[in-house]
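Have a look at the structure below before the remarks.
The values are calculated or read from the model by the stated rules, or taken from the named source; none is laboratory data. Quick caveat: nothing in here was measured; it's all calculated off a predicted structure. Here Cβ is always computed from backbone atoms with ideal geometry, including for glycine, and neighbour counts include all displayed protein chains. Just the protein is used for accessible areas: all its heavy atoms, side chains included, with ligands, DNA and RNA removed. Shrake-Rupley method; radii C 1.70, N 1.55, O 1.52, S 1.80 Å.
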Amino acid sequence: QVQLVESGGGLVQPGGSLRLSCIASRIIFRLYTMGWYRQAPGKQRELVATINSGGSTNYGDSVKGRFTISRDNAKNTMYLQANSLNPEDTAVYYCYAVSGTSSSWGQGTQVTVSS
């Protein structure tokens, strides 16, 4: 069973930065497309960013130019560098892994942007 564990969330002031990590286990990590999604209270889960096995990336419109997704296949780890954070970025951030018909979600890490 795939296991995804997020870390790095917390409270940050507007304009600040955070680096989220997702460590995957029990998968051939390099074969998976990985992604970050987020869900704010009362809203639907939305795409933040994805990175495929070849390293190609895709970003949600609301984070383009501010967030950067990356992966380290040797460490089975995906990252999200989130800069210029604003209160609208407050949400639970989820790690996602997919390959063919196999997909899994992490349990999420809370990011709160507030002064």
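Couple of notes before you dig in:
- Within the span defined as the range 70-77, every residue fails to be at negative phi, modelled with pLDDT under 95 and among the β-branched types (V, I, T).
- Single residue of A40, A49 found to be surrounded by 12 or more Cβ atoms within 10 Å (Cβ to Cβ), within 10 Å of the chain's Cα centre (by Cα), of a type in the set (A, V, I, L, M, F, W, C) and at pLDDT 95 or above: A49
- Residue count for the range 67-98 satisfying the condition of being open to solvent by 30 Å² or more (accessible area, probe 1.4 Å), closer than 13 Å to T50 by Cβ and not hydroxyl-bearing (S, T, Y): 2.
- Residues in the range 1-37 that are β-branched (V, I, T) and either open to solvent by 40 Å² or more (accessible area, probe 1.4 Å) or within 17 Å of K75 (Cβ to Cβ) (or both): V2, V5, I23, I27, I28, T33.
- Pairs are defined by a Cβ separation below 6 Å, a sequence spacing of at least 6 or placement on different chains, a first member in the range 27-39 that is within 12 Å of V63 (Cβ to Cβ), and a second member that is in a loop (DSSP other than H, G, I, E, B); the pairs so defined are Y37/R45.
- Residue within the range 87-105 that is at pLDDT 95 or above, among the charged types (D, E, K, R) and more than 22 Å from L11 (Cα to Cα) present: no
- Set V111, V63: member being assigned to a strand (DSSP E or B) and in contact (Cβ under 8 Å) with a residue 12 or more places away in the chain: V111
- Test: residue in the range 10-31 that is of a type in the set (S, T, N, Q) and part of a loop (DSSP other than H, G, I, E, B): yes
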